[in-house]
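The structure under discussion appears below in the form of structure tokens.
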Amino acid sequence: IDVASREHNPRSQSEADAEDNIQKFAELPGIAAVLGGGYVYGLIAGNEEAKRMTIDTGEALLLSSVILVEPLKLVTGRARPREGNGPYHWFAGGASFPSGHTTAAFSLATGVSEYAHYDLRVAVPMYALATGVGVARIRADAHFLSDVFVGATLGVLTTKTVIWLSDRRRQRHDRLSSLVVAPLVDRGVRGVQVVVPF
């Protein structure tokens, strides 16, 4: 796929321009537009899910980048395709594996889709954009297919994990917020009564 994409079907200038624009979805301005827009919408519409989506997805993006992508790039040191050393040139100080752009794109797509309850009108365009980012990174000679695949997997898994943990925290908080502490006075008994619903 890598060879067919880059060597047998070199991209035209218009393709390069379109792919470069698609990649911007996974760069800071694109991320800020999606998350910032979601949060502003949540504030204006009073939609708590939209605000939670931006917080959870932002957390997932930060975690996947700082804890997974950057350390993996440092440890594996895979050379980029444009360097011409082939796909098996590891531990050479490169930064090809995994694709950070693809991780961010799939993290955004997963966060937005998850909170939209996988409504096809939202999920299909979001995952299409994320896939476009991965394809653009391959076509730009920045990554091998395996870099993109692992990046996408990290983005999806990290975001799903963050949302799952966030839901658990909220449920625990809801239970604790309905915690009842009351004085206990009965025949010969004095103390505190704690009621925890579960």
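So that you can scan it fast, the table gives a plain yes or no per residue for (1) touching a Phe, Trp or Tyr at 6+ places or on another chain (Cβ under 9 Å); (2) within 17 Å of Trp164 (Cβ to Cβ):
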| site | (1), (2) |
| --- | --- |
| Leu61 | no, yes |
| Val69 | no, no |
| Ala79 | yes, no |
| Ala92 | no, no |
| Ser99 | yes, no |
| Leu108 | yes, no |
| Ser113 | yes, yes |
| Ala116 | no, yes |
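Listed residues Phe97, Phe91, Phe25; which is touching a Leu at 6+ places or on another chain (Cβ under 6 Å) and not small (Gly, Ala, Ser)?
Among Phe97, Phe91, Phe25, only Phe25 is touching a Leu at 6+ places or on another chain (Cβ under 6 Å) and not small (Gly, Ala, Ser).
How many residues are outside any loop (DSSP other than H, G, I, E, B) and surrounded by fewer than 16 Cβ atoms within 10 Å (Cβ to Cβ) if we restrict to the range 78-121? Write out each step before concluding.
Narrowing the range 78-121 to residues outside any loop (DSSP other than H, G, I, E, B): 81-83, 100-115, 120-121.
When the remaining residues are screened for being surrounded by fewer than 16 Cβ atoms within 10 Å (Cβ to Cβ), the result is 82-83, 120-121.
The number of residues fulfilling the criteria is 4.
Scanning the range 62-77 for residues that are of a type in the set (A, V, I, L, M, F, W, C) and under 17 Å from the mean Cα position of the chain (by Cα), which turns out surrounded by the most Cβ atoms within 10 Å (Cβ to Cβ)?
Val69
Can you name the residue in the range 19-42 that is within 15 Å of Val135 (Cβ to Cβ) and touching a residue at least 60 places away in the same chain (Cβ under 8 Å) and, of all such residues, is nearest to the chain's Cα centre (by Cα)? Spell out how you get there, then give the answer.
Looking only at the range 19-42, we keep the residues that are within 15 Å of Val135 (Cβ to Cβ), and these are 19-26.
Keeping just the survivors that are touching a residue at least 60 places away in the same chain (Cβ under 8 Å) gives 19-20, 22-23, 25-26.
Working: Glu19: 20, Asp20: 20, Ile22: 16, Gln23: 15, Phe25: 12, Ala26: 10 Å.
The selected residue is Ala26.
With respect to Glu59, is the statement that it is open to solvent by 60 Å² or more (accessible area, probe 1.4 Å), assigned to a helix (DSSP H, G or I) and under 16 Å from Thr158 (Cβ atoms) true? Step through it out loud before you land on a result.
Details: open to solvent by 60 Å² or more (accessible area, probe 1.4 Å): yes; assigned to a helix (DSSP H, G or I): yes; under 16 Å from Thr158 (Cβ atoms): yes.
Against the criterion (open to solvent by 60 Å² or more (accessible area, probe 1.4 Å), assigned to a helix (DSSP H, G or I) and under 16 Å from Thr158 (Cβ atoms)), Glu59 qualifies.
Tell me which residues, restricted to the range 4-53, are acidic (Asp, Glu) and in a helix (DSSP H, G or I).
First, the residues of the range 4-53 that are acidic (Asp, Glu): 7, 15, 17, 19-20, 27, 48-49.
Glu7, Glu15, Asp17, Glu19, Asp20, Glu48, Glu49 - these are the residues of the range 4-53 that are acidic (Asp, Glu) and in a helix (DSSP H, G or I).
Quick test of your reading of the structure: Leu74 fulfils all but one of (1) part of a helix (DSSP H, G or I); (2) more than 21 Å from Val156 (Cβ to Cβ); (3) in contact with a Phe, Trp or Tyr (Cβ under 7 Å, 6 or more places away or on another chain). Name the failing condition by number.
Going through (1) part of a helix (DSSP H, G or I); (2) more than 21 Å from Val156 (Cβ to Cβ); (3) in contact with a Phe, Trp or Tyr (Cβ under 7 Å, 6 or more places away or on another chain) one by one, Leu74 breaks only (3).
Looking at the range 74-101, which of its residues are free of Cβ contacts under 8 Å to residues at least 40 places away in the same chain and hydroxyl-bearing (Ser, Thr, Tyr)?
The first filter runs over the range 74-101 and keeps only residues free of Cβ contacts under 8 Å to residues at least 40 places away in the same chain, leaving 74-77, 79, 83-86, 88-95.
Scanning the range 74-101 gives Thr76, Tyr88.
The values are calculated or read from the model by the stated rules, or taken from the named source; none is laboratory data. What you see is a predicted model; the values in this text were computed from it and never measured. Neighbour counts are summed over all protein chains in view; Cβ atoms, including those assigned to glycine, are modelled from backbone coordinates with ideal geometry. All accessible areas refer to the heavy atoms of the entire protein, side chains included, with ligands and DNA or RNA removed. Shrake-Rupley method; radii C 1.70, N 1.55, O 1.52, S 1.80 Å.
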